[in-house]
Each structure stands twice: as structure tokens, then as C-alpha cells.
1. I'm checking my understanding of the structure. Among residues of segment 187-198 that are out of contact with any strand residue (DSSP E or B) (no Cβ under 6 Å at 6 or more places or on another chain) and of a type outside the set (A, V, I, L, M), which one is farthest from N306 (Cα to Cα)?
2. Quick check on E149: is it free of Cβ contacts under 8 Å to residues at least 12 places away in the same chain, in contact with a strand residue (DSSP E or B) (Cβ under 7 Å, 6 or more places away or on another chain), at negative phi and assigned to a helix (DSSP H, G or I)?
3. So which residues in segment 354-407 are among the hydroxyl-bearing types (S, T, Y) and either touching a residue at least 60 places away in the same chain (Cβ under 8 Å) or surrounded by 14 or more Cβ atoms within 10 Å (Cβ to Cβ) (or both)?
4. If we keep just the residues of segment 114-140 that are part of a loop (DSSP other than H, G, I, E, B) and open to solvent by less than 50 Å² (accessible area, probe 1.4 Å), which is nearest to Y253 (Cα to Cα)?
5. Among the residues of segment 104-113, is there at least one that is over 21 Å from P351 (Cα atoms) and in a helix (DSSP H, G or I)?
6. Out of curiosity, is I211 assigned by the TED database to the domain that holds I307, among the β-branched types (V, I, T) and either closer than 30 Å to P102 by Cα or crowded, with 17+ Cβ neighbours inside 10 Å (or both)?
7. Among the listed residues D180, D191, identify the single one that is open to solvent by 40 Å² or more (accessible area, probe 1.4 Å), within 26 Å of E392 (Cα to Cα), among the acidic types (D, E) and modelled with pLDDT of 85 or more.
Amino acid sequence: MAAAGAAGQEKQLAPTLLSFFIYNPKLGPKEGEEEKKILFYHPNEVEKNEKIRNVGLCEAIVQFTRTFSPTKPAKSLHTQKNRQFFHEPEENFWMVMVVRNPIIEKHKDGKPVYEYQEEELLDKVYSSVLQQCYSMYKLFNGTFLKAMEDGGVKMLKERLEKFFHRYLQTLHLQSCDLLDVFCGISFFPLDKMTYLKIQSFINRMEESLNIVKYTAFLYNDQLIWFLTGPLNLNDPETKCRFPKIFVNTDDTYEELHLIVYKAMSAAVCFMIDASIPPTLEFCRKLDSIVGPQLTVLASDICEQYNINKRISGAEKEPQFKFIYFNHMNLAEKSTIHMRKTPSVSLASVHPDLMKILGDINSDFSRVDEDEEIIVKAMSDYWVVGKKSDQRELYVILNQKNVNLIEVNEEVKKLCATQFNNIFFLD
């Protein structure tokens, strides 16, 4: 009874963000100027000397590892209590994210005892989260160097503070997994007729609104977290202000205005050249053309969505769950995840199984050849990973008393039913 009581007092504490900072070692090369290196630091309340000490330690680790691998310095540092991740997105600009390891809290003699789970965090997952932080900043602000060109260090610090103060609050480190590595796109399944209607709609829009350069059509996608444009098109004093985004910035800056128009559960994102300021007249024209047609399209898609839901809902709980990703078009599909909030998808399987998926993915990334990995996990679970022609498939099966050959046959059946038009090597 005592053991059960002690076990009942165990508490799991999820990984949390301890600190996040960006620095450039070239900005404060002399002794006494170390603070000049720091461009952004979260949490800001940390005492100045501690900020300088933490940045200096990371700088030393990076420099030390360069002696062994000049072109590939440290990506992460493992300690008992936390994990540090390093990323150099632009030359001499370093981003560092420090995550506290998960903790099991126990009580011994009435006092709390903490056990840090040092091997629970997957480097590839959280390194991808850090890289995504930069990608999101770059999407809305351009590169760090662009800010320096626009207004020096002061401008860069202002943009970093404005963006990351809000963005870091959206990170949910406790639910990060393989999907954060892929950063894929969930494509909505449509019949041919509805797809052609949408394609025709977009073609007509781009022809009628000739300043539109790119268009994206989304349905029921909760990742749309803002809508843009004037609130009242009838008010002549209304200002037409749209956020700017920066795309294809690896080689050149393509600066665009982002206009998002929503009707029911459908949203259309129009991207127009930032050198052409959108006028109230343009917004009225867009509203008159897009509004009626988008409402009808949204209704058609909603009807098909409900039919698909009824069909899938009528099926019994499958014996397998899977994640599929295509590197060529970034398409991803998961029957493992359930959307919890607009920004969080939670896995519906045990964390140990998700960790195995991450380990298999890390193995796949080390080699270019196609391969297959099968793992017998806890109790009755089997985990299968297939990599073939820039596509990856991860399957979790829950079947009793099956052997390796039978598991392989089950995966073949899954590929035949769910991916019958996709070639997977046997």
C-alpha cells in the first residue's frame, strides 16, 4: 500500500522554455562591450551579467566545437537539467533556445524530489522548432541583415522585440513532435468537380485583380490566426493597411502585401506586390468579386466535408494509425493527431511511441537510400517506418500475437488502401 501511495504522489512536469536569445559576436568584440552582442533576450528580467554570462558560454561552446568541425558547429548541448539548441540562420547571427528537461516529481519523507528525464527530448524536433522561429520572423520581417540595412542594430532590436515577445507565447513545447520536423501542409481532399471550381475561381480572381501575384485557398484551417483589410468599405476615411510578408528571401527579397478574405470556413489569401499600395477602390472591387463566389464555394465544400466526416465516422476504430509526409510538395497527413486548439495538435498515442517515431526519422535523415525500419514496442504495439522516393510513412499498429511477416503484410494493406496512387518500394 505504501508503494502505491508513493507512486500516486508522482507528478509529471512537462518541458518548458527557460530562455531564448539572439546574439552576434561581431557586435561586441572588445572586453567590456559584451552586452552589445545581445540583440534579444527572453526573459528580459534576467540580470544583465547573467545574460552576458549565458551568451558568452554559448559562444565558447560554438567556438570550441568548430575546432572539430569547422563547417558544422554545435547544434545542441545536453545537461542534466536542460537542453540547449543553437542555430546560425545568417552568418554570425546566433539563435539559442534553452528548454528545461521533463521532470518527475516524487515525495520522499514529505519533501519533493525531482528526477530530470535527460533523454526524453529529441534534438531534431526541438532544433526544428528553433529553425521555425527564424522562418516565422523572416516571413513577416525579412532577414536580420535587412533590418540592419534599414536602420542598424537599433532597428533590428526593435523588430526582434516586437515579433518574439508575442511569438514565444505561442510555443507549446510540451506537445512538439515529428510534425514539427516536417512543417508540412495538410491538403484538404476534394472531388474533381469541386477542385476544378476552386481552380476556376482562383484563375478568374487573378485575371480580374491583375495586381495579385499569388493566391492560397484554405478551408477549415485553424492556422489562419488573423484577417486583414478595412473593416468598413463604405467609409471613405477607412485606411487600407495590410501586413507585409517576405517570401523567397534566400536569394532575393519579394516583399508582398497579404490580404486575407474569409467567408464561412473558407479563406483566400491574396499576395500582391508591396510596391503597389492597395486602395479602398481595390478593396471594394475585391469584395464585390470574391464575396458572392467564395460564399457559394464554401457552402459546396462544407457539404462535401460533412459527407466525408459521416463516412469516416461510420468506420470502426482502425488497428493502425499513421503519419505520412511527402518532401516534394510538403503534403502531410496524420491520423495520430487531434487538433486541440488553433495552434496545438496533440498526439493520441503514448509519448514513448511518438519518441520511437522521432528516433526512426533521425535514422532516416542520416542516409539518402530508401529503407524500412520495424520496431516491436511496449505491450502489443509495433512501429513501422518506410522511406521511399522522398516520401516517409510511419505506422503504429496495435495487434496481439503477430510476427514480423504479418506486420509487414498489414502495412502493405494500409499502403494499398490509403496510398493506392503512391509508389512505395517494398
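1. Narrowing segment 187-198 to residues out of contact with any strand residue (DSSP E or B) (no Cβ under 6 Å at 6 or more places or on another chain): 189-197.
Applying the additional criterion that residues be of a type outside the set (A, V, I, L, M) yields 189, 191-192, 194-195, 197.
Numbers: P189: 12, D191: 13, K192: 17, T194: 14, Y195: 16, K197: 18 Å.
Per the stated criteria, the residue is K197.
2. Details: free of Cβ contacts under 8 Å to residues at least 12 places away in the same chain: yes; in contact with a strand residue (DSSP E or B) (Cβ under 7 Å, 6 or more places away or on another chain): no; at negative phi: yes; assigned to a helix (DSSP H, G or I): yes.
The answer is no for E149.
3. To start, the set of residues in segment 354-407 that are among the hydroxyl-bearing types (S, T, Y) comprises 362, 365, 379, 381, 388, 394.
Answer for segment 354-407, where residues must be among the hydroxyl-bearing types (S, T, Y) and either touching a residue at least 60 places away in the same chain (Cβ under 8 Å) or surrounded by 14 or more Cβ atoms within 10 Å (Cβ to Cβ) (or both): S362, S365, Y381, S388, Y394.
4. Filtering segment 114-140 for residues part of a loop (DSSP other than H, G, I, E, B) gives 117-122.
Within this subset, residues satisfying the condition of being open to solvent by less than 50 Å² (accessible area, probe 1.4 Å) are 117, 121-122.
Values: Q117: 43, L121: 35, L122: 33 Å.
Filtering segment 114-140 for residues that are part of a loop (DSSP other than H, G, I, E, B) and open to solvent by less than 50 Å² (accessible area, probe 1.4 Å), the one nearest to Y253 (Cα to Cα) comes out as L122.
5. So the first thing to find is which residues in segment 104-113 are over 21 Å from P351 (Cα atoms), and the list is 107-113.
If we keep only those that are in a helix (DSSP H, G or I) too, we end up with none.
Among the residues of segment 104-113, not one is over 21 Å from P351 (Cα atoms) and in a helix (DSSP H, G or I), which makes the answer no.
6. On the way: assigned by the TED database to the domain that holds I307: yes; among the β-branched types (V, I, T): yes; either closer than 30 Å to P102 by Cα or crowded, with 17+ Cβ neighbours inside 10 Å (or both): no.
When the stated conditions are applied, I211 does not pass them.
7. On the way: D191 fails: modelled with pLDDT of 85 or more.
Result: D180 is the single residue among D180, D191 that is open to solvent by 40 Å² or more (accessible area, probe 1.4 Å), within 26 Å of E392 (Cα to Cα), among the acidic types (D, E) and modelled with pLDDT of 85 or more.
Yes/no per residue for (1) modelled with pLDDT under 85; (2) part of a loop (DSSP other than H, G, I, E, B); (3) polar (S, T, N, Q); (4) farther than 18 Å from L122 by Cβ:
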position: K340; (1), (2), (3), (4): yes, no, no, yes
position: S345; (1), (2), (3), (4): yes, no, yes, no
position: M354; (1), (2), (3), (4): no, no, no, no
position: D363; (1), (2), (3), (4): no, no, no, no
position: V375; (1), (2), (3), (4): no, no, no, no
position: G385; (1), (2), (3), (4): no, no, no, no
position: E392; (1), (2), (3), (4): no, no, no, no
position: K413; (1), (2), (3), (4): yes, no, no, yes
position: A416; (1), (2), (3), (4): yes, no, no, yes
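The values are calculated or read from the model by the stated rules, or taken from the named source; none is laboratory data. Only a predicted model underlies this, so the values are computations on that prediction, with no experimental measurement involved. Cβ: placed from backbone, ideal geometry, glycine included. Neighbour counts: every protein chain shown. These area figures cover heavy atoms from the full protein model, side chains too; ligands, DNA and RNA do not enter into them. Shrake-Rupley method; radii C 1.70, N 1.55, O 1.52, S 1.80 Å.
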